[in-house]
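First up is the structure itself, then whatever we jot down about it.
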Amino acid sequence: MNAAEDLASKGFNTTNMRIHHLQHVPFEGLAAIEDWAKQRSHTLTATRWYETDVLPRLEDFDMLVVMGGPMGIYDEADYPWLRDEKKFIRQSIDSGKPVLGVCLGSQLLADVLGAKVYPNRHKEIGWFPVQFHPELNNGELVVCHWHGDTFDLPEGAVRLAESAACKNQAYRYGDRVYGLQFHLETTPGSMEGMIAACGHELAKAEWVQTAEEMRNGLPYAEATRTVLFRLLDRLEKFV
């Protein structure tokens, strides 16, 4: 039995899926999401806003992933492409495509779905626990956070995770749109990239860890990767 047959026997979609992702800064790429896509022989394309503003036609991709970044959804004066990105995300949702938003991506999803996005009362940077609804994971899991903003739950959305520092950590809108405030995709490489680019934010506080503490938390990434892959497998079935 080859790899494709093995995946098919476990109920996975083995048809080549075209995944497009929106990347806002060089140091916040797909990380473990790319590992999942390569395992299943899916095709990856990207709009990297720091290089280009070219977006694909809706018919040219099957699933959309919106990644993180240090800017806010309200920073359109500094990042005018945010206007086009929001329109594109809304069109992707309305067309029925599976959509996953991570960190800034989850905030952009919340915004286009009509919810308010605003600074959280705490910055949350480091490995801290969230309490999951059974749909994503059973009970508590320590995940990687790096965010200062948060959002209200979009009307009609279902909260899937929360934490002591941030009420809305994950949500589902309909069957095929998911927003994650945290970073299930974290790998050692992605962690180093974020520390190198945004390490100035690591001023010790109640919900902010040091760079050393964040590196020491990397063993948690194996469990978060499992939850990520489970979620992506669910979204894959809608293609």
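The values are calculated or read from the model by the stated rules, or taken from the named source; none is laboratory data. These numbers were taken from a predicted model, which means no experiment stands behind them. As a convention, Cβ positions derive from the backbone with ideal geometry for all residues, glycine included, and neighbour counts pool all protein chains shown.
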Residue 28 vs. criteria assigned to a helix (DSSP H, G or I) and not basic (Lys, Arg)
no
For a quick check of your reading: which strands (runs of 3 or more DSSP E) sit entirely within region 110-205 and have at least 1 residues that are of a type in the set (S, T, N, Q) and crowded, with 17+ Cβ neighbours inside 10 Å?
117-132, 139-151
Is one or more of the residues making up region 217-228 closer than 28 Å to residue 15 by Cβ, of a type in the set (A, V, I, L, M), assigned to a helix (DSSP H, G or I) and modelled with pLDDT of 95 or more?
yes
Could you look through region 40-97, keep only residues that are hydrophobic (A, V, I, L, M, F, W, C) and assigned to a loop (DSSP other than H, G, I, E, B), and pick out the one that is nearest to the chain's Cα centre (by Cα)?
67
With the requirement that a residue be surrounded by 18 or more Cβ atoms within 10 Å (Cβ to Cβ) and under 21 Å from residue 41 (Cβ atoms), what does region 206-228 give you?
225, 228
Within region 37-94, how many residues turn out to be closer than 27 Å to residue 197 by Cα, of a type in the set (Val, Ile, Thr) and surrounded by 14 or more Cβ atoms within 10 Å (Cβ to Cβ)?
5
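Yes/no per residue for (1) within 28 Å of residue 74 (Cα to Cα); (2) out of contact with any strand residue (DSSP E or B) (no Cβ under 9 Å at 6 or more places or on another chain); (3) among the basic types (Lys, Arg):
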site: 151; (1), (2), (3): yes, no, no
site: 160; (1), (2), (3): yes, no, no
site: 193; (1), (2), (3): yes, yes, no
site: 218; (1), (2), (3): no, no, no
site: 221; (1), (2), (3): no, no, no
